[in-house]
Structure formats: C-alpha cells, structure tokens
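Here is the structure we will look at, set down as structure tokens.
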2 protein chains.
Amino acid sequence: MKVLIIGGAGMVGRNLAEALVASGRLGDRAVSEVTLFDVVPAATQGTDAVAVRVMTGDISDRATVDALVADRPEVIFHLAAIVSGEAEADFDKGYRINLDGTRHLFEAIRAEAGYHPRVVYTSSIAVFGAPFPEAIGDEFITAPMTSYGAQKMIGELLLNDYSRRGILDGVGIRLPTIVVRPGKPNKAASGFFSGIIREPLAGLEAVLPVDDDVRHWVASPASATGFLIHAATMDTGPLGARRCLTMPGLSVTVGEMIAALGEVAGEDKVALIKRQPDATIRGIVAGWPRNFDAARATGAGFVADASFQDIIRAHIRDMETAG
Amino acid sequence: MKVLIIGGAGMVGRNLAEALVASGRLGDRAVSEVTLFDVVPAATQGTDAVAVRVMTGDISDRATVDALVADRPEVIFHLAAIVSGEAEADFDKGYRINLDGTRHLFEAIRAEAGYHPRVVYTSSIAVFGAPFPEAIGDEFITAPMTSYGAQKMIGELLLNDYSRRGILDGVGIRLPTIVVRPGKPNKAASGFFSGIIREPLAGLEAVLPVDDDVRHWVASPASATGFLIHAATMDTGPLGARRCLTMPGLSVTVGEMIAALGEVAGEDKVALIKRQPDATIRGIVAGWPRNFDAARATGAGFVADASFQDIIRAHIRDMETAG
C-alpha cells in the first residue's frame, strides 16, 4: 500500500515515517511506498522494500495538493500545521495553511472519483478553552481561545462532515504535549516540559520558568507514533459521526516530572534544573488544560504511556540509539 | 447610522428591515440608511427619514462583498444562508455560500483599516447533534450532524476568532424554528409546525405528519426580530470569547400547539388539521433538539415569547394588518 505523510519532515512525521520504513507494515498490510511531503525536504531514507518519495511544497496551493492525491495513497496522514504561536502572530498564514490547506486536501480527495482513503488528522487540545473542569471529558464543549485552536476545530468539523458524506474515512486525534522532544531547546512556551528532562540527561543546565505544582498533559514521541498507526488501522465504525478523539496521556505535575528524573537518572541530574520564574510563561501555561478523561479513545484502543518514568527511560534509549 | 442586512429579502431579514424603517432607530441611534442585499431584490420601501438601498448578488464572490462593506455600515446583519436541506443536497453550494461567503464578509471587514462594525450572525441549533439531554444547556458540546450544521458552526468559530482579534464585534444567535411563518406552505421538513396553525386560521386544511407528543423549540417572527435588534445593540463585553448564544424559545409539543389553537381560535379551526403520519418526516424530526436551557442568552437580555397562545395571537394580528 501507498502512504502519504503531509508534514513528513516534522518530529511527529519523521518518527512515523521511520517506523513505517523499519517495519515495512501498517497494521496487517505491507507498505510499498511512503511519500513525505513538507515545506522542507524530509530526511528519512527508504529501503529495498519500502520506497521513500520526498516532495516539498505548500498545501495552501490547491494544485500542489491535487498532485499529492493523484497518486491515490490508501492512507494519508495530515500532520502539517502552522503552530499556535505562529498562527497567533500571522493571522493570514495560520488560516491559509491550517484552514485552506486542510480544505484543499479534503477537496482534492473528493475530486478523485471512487477514491475513499483513510485520513488521519492531527488536531489539538487547543480546541478546548477555559474554564476547565478537573478533567476534560469527551463531551466537554469545544471553545478555542486561539486562532490555532479555531483552525484545528474547523478541520475537525470538516473531517467529520466529509467522513459522514462518505468522501473520506477520517480519524482526528488531539495529541497531548509531546515530552521528551529530542533536539535543541525551541522557543515554544511548552518547550521547558521537555527541556527539564532532556538537558539534564545530556549534562546541560535547564531553566524551569514555572512552579513545581503546574500540571500538564503529556505523551511520549513513541506514543504519538502509536496513536497515528492505530488511527490509520482501527475500525472507524464505532466512532459514528464524531471522528475526533482526545488521545490518552499522562497528567503530571512539574514536581512529579522532576522526581521521576531523580528516580531514573539520579539527583545530580535534578541539580541541573535552575528555577527562574517567568511571569509571561507562567501566564500562558495557566490557561492550558491540565488533565483529561480520554475514555472514548481508550475504549477505541488507543494506549497511553504507563508512567513518566517510562517516558524518561524511552528517551534515554532513543538517545543511545541516536548516539 | 448605516445598517447592512445580508439576506434582506428572506422572512427574517424582511421583518427586521421593516422594523428598522418603521421606527427609524436601532437602539438609541437614528438609522439613516438600510442596505438590503440578497440574491433577489428585497421589497421593503424606504421613508423620508430612512433610505433603503436594494442590492442583489452572490456573497461567494469576494468583490461583491467588498463593495457592500466599502460603505462601512456600523451594523451588519449576516442572515444569508443556504438552508439545511439544500446544503445537504448541494455540497458545493452549501460550503460556497455558508462558509466562503461568511469568510469573505469577515475578510472584507478586516481589509478596511480602522473599521470595527457590530456583526450579528444567525447561527442555528443545527450546531448540536444527538444524543441530546432533556434540555440542551450552554455548555453542551457542538457536534453537528449535517453539512449545514457544520458550516454554521465554522461560522461561529470564525465570528469568535475575528471578534477576539478585534477585527469585528460579533454576536451569533442560534434561532429556534420560527412559528408561525407567514405565506404559503414550503417544503421544509419543519414546515408543518407553522402549517397546522397558519392554514386553519386561513380556513384551509393542514396536514400533520407527526404524532401529537413531538416536542419542538420555537419562537415567533417578532421574537426573531427582537433577538436581532438586541444582538445589534447589547453590550458584548460580558460575552467574553464566546460570542454565540442559543436564543430563548418555547419548548412545546404538537398537542400543546393544537390545544392553544383551539383556545385562541376555536375548535372548528382545530378540526381542519388532518393527521397523515409520514415516516420520513417523523424520522427527520426525531433527530432534532426538543428543548434548551438558554440561560446565557436570557442573562444577556434576550427575551422569549410568553406563551404559544401569544404566538398565535400575534400571527392573527399580523394577518389582519397585512390583509
């Protein structure tokens, strides 16, 4: 089967591509070709069994999207997005990529007669807005507080409607914050959640800009790959008209993350975390959801990480493999 | 002040236009000009005090919408929509008018520097999907089951985001089914709710295709006009980021409607209602919401009809005035 990953050069797309190429399978079917599309060329290499096709372009250009879909991949992962901060800073770009780009994809599929692919769409917990209950359930109202959240919610509505119409077979997954992100520190407000684990493990200092009792909803990179593969292979019948699900994660406080780091890697690593309270980041993080009851997703077979200790151990293994 | 009504030739737009022209006011401000835009020419006549400008066109054409907004009306009522049945039958047309047309309007406003009009947007209870609680509250999840509902919900998300960004000052109102609609029977599945009152009052037979215990959420044409005027003049500060409200209505059963008709107009009118069960209409109506708790709207000053008897009496008065 042929698989298309839109956003194939980002962290989540790269992990997924590498998993597909390494296993040569998606569920019980062999994968013959993976097309990796992004604004920059993806680096994942193919094998004799699995060809990798790397393409670049802009999904806000309809002709570009038509060309991607003309190959009729059986499964399309739509991971491409302008992230929260940039969508807030650049109103036009956010709507152009996150709304027009998504709609172009669904319309390009509709234009192919007799074509009905599985489409896995990464949504976000940014579809929810404060005030939040103790744990956000599957029936909680979607009231986004950012342009990014509004754009992701519009994508969910389109995915549901195009699925209900039989144009495509969609599954939307709202990912937790991915921790531990590999690589260098980035400027995302959520970056420190990874930084306070990743930097000490590499022997570097990390800055913690919030209090230890801040609670957040996280999943490992491996879980994110697992969610995508399950979404691509699951039976969508039981989802009915509501194709979008909050993924199961772990609700952990910063203090619990730090304690887990000490337990797994030693107190000398913990000593590398420097507390430098930052009012701006504190304010942003205070508006984020802290905990979910992801019962629908769990019932549909999506599996969360077992513990934050396991997330740290998996990151250590990934570093050793990469090193 | 100048007022623009997009959808000014429909029942709701016409009633609103006539109210504005008759009073010459919108809240505490004098109205100097009302522009009525629709696909067909609106018939409302101006007065010496209030000029009426009639324009026709298609809001899926951006240049048309730019021209409407170039006049910088202080208040814009956006009532134009492809209705539920047609949006389901014609996928392209529904998205073109209900999504692209709405977005064109908001973008045309954004393109006008220093312009920040009040925009009143008619949404719909079709943003909600079954299963429903006994009464749908303001925190109930929006999960539309039709393309029309998805399009209206996308419009709500855009209205909220453009308002949050300070581009416009939006209020979205989800109207109940309007009863008693004047004029001839139409083919809408909800048409009988008006028909069983309107036709007998005119001495004609009416067909009732559902059981007497079917419950529905209704408001009078006069209430719809009142909602629009209040939405145009209210203080939007207390709405915060959630600019869209379910309007207060009456939750009445068909049996209660018929009893009210007998009480107000006599049992000889009731005798003109012919029970002809229709499985298709029964099925459609079974999927509709039956009751709401419109607490936010009531708290924001929107006022429901007092009783179904009052709705019937108001229709009788309107007929006498028209006659």
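Take A:Phe91, move 7 Å from Cα toward the beta carbon, and the resulting point lies 3.2 nm from the same point in each other copy, nearest first. Ascending distances from the A:Met11 label point to its copies in the other chains, with the point 7 Å along the Cα-to-beta-carbon line: 5.4 nm. Rounded to the nearest 20 debye, the dipole magnitude of region A:84-220 is 460 debye, with +1 charges on Lys and Arg beta carbons, -1 on Asp and Glu beta carbons, and the Cα centre as origin. Averaging 1/r over each pair of different alpha-carbon atoms in the protein assembly as shown and inverting the result gives 26.9 Å, the Kirkwood hydrodynamic radius. Here the Karplus curve 6.51 cos²θ - 1.76 cosθ + 1.60, taken at θ = phi - 60°, turns the phi angles of region A:45-61 into couplings of 9, x, 10, 4, 7, 10, 6, 10, 10, 9, 10, 10, x, 10, 6, 7, 9 Hz, with x standing for Gly and Pro. Here is how far apart the A:Asp169 label points are across copies: 5.1 nm, shortest first, using a point 7 Å from Cα toward Cβ. Scalar couplings 3J(HN,Hα) for region A:241-255, obtained by applying the Karplus form with A = 6.51, B = -1.76, C = 1.60 to θ = phi - 60°, are 7, 9, 8, 10, 10, 6, 6, x, x, 10, 9, 10, 8, 4, x Hz; x denotes Gly and Pro.
Computed from backbone phi, the HN-Hα couplings of region A:213-228 come to 8, 5, 9, 9, 10, 10, 8, 7, x, 5, 5, 4, 4, x, 4, 5 Hz, rounded to whole numbers (Karplus: 6.51 cos²θ - 1.76 cosθ + 1.60, θ = phi - 60°; Gly and Pro given as x). One decimal place: the segment A:Ala188-A:Glu139 gains 14.8 nm when fully extended, by the rule 0.36 nm per residue minus the C-alpha distance. For B:Ile273, the residues 5 or more places off, or on other chains, whose built amide H falls under 5 Å of its own are B:Ala206. Note on A:Asp66 and A:Glu267: with the Förster distance fixed at 60 Å, the Cβ-Cβ geometry gives a FRET efficiency of about 0.60. Taking the inverse of the mean reciprocal distance over all distinct Cα pairs, the Kirkwood hydrodynamic radius of region A:2-51 comes to 10.6 Å. Scanning residues 5 or more positions from A:Leu168 or on other chains, those with amide H under 5 Å from its amide H are A:Ser163, with H placed 1.01 Å from N in the peptide plane.
Place a point 7 Å from the Cα of B:Ala111 along the Cα-to-Cβ direction; which residues of region B:51-91 have their backbone N under 13 Å from it? Label zone hits: B:60-71. A Cβ-based charge dipole, computed about the Cα centre of the protein assembly as shown with Lys and Arg at +1 and Asp and Glu at -1, lands at about 440 debye.
Summary of packing: across the peptides B:262-274, B:173-185, A:234-246, B:5-17, the per-residue average of other C-beta atoms within 10 Å ranks them, highest first, as B:5-17, B:173-185, A:234-246, B:262-274. Under 5 Å from the amide H of A:Arg25 lie the amide H atoms of A:Val31, each residue being 5 or more positions distant or on a separate chain, with H modelled from the backbone and absent for Pro and chain starts. Partner shielding of A:149-161 amounts to 6, given as the average count of beta-carbon atoms from other chains within 10 Å of each residue beta-carbon.
Greater than 20 Å separation of Cα atoms is the criterion. Which listed pairs, A:Lys93/A:Lys152; B:Lys187/B:Lys274; B:Lys2/B:Lys152; A:Lys2/A:Lys152; A:Lys152/B:Lys152; A:Lys152/A:Lys184, meet it?
Distance filter (> 20 Å) returns B:Lys2/B:Lys152; A:Lys2/A:Lys152; A:Lys152/A:Lys184.
Read-outs: derived from the displayed coordinates by stated rules, not from any lab. Treat the numbers as computed from the prediction; the structure is a model and nothing was measured. Backbone-built Cβ (ideal geometry, glycine too); neighbour counts: all protein chains shown.
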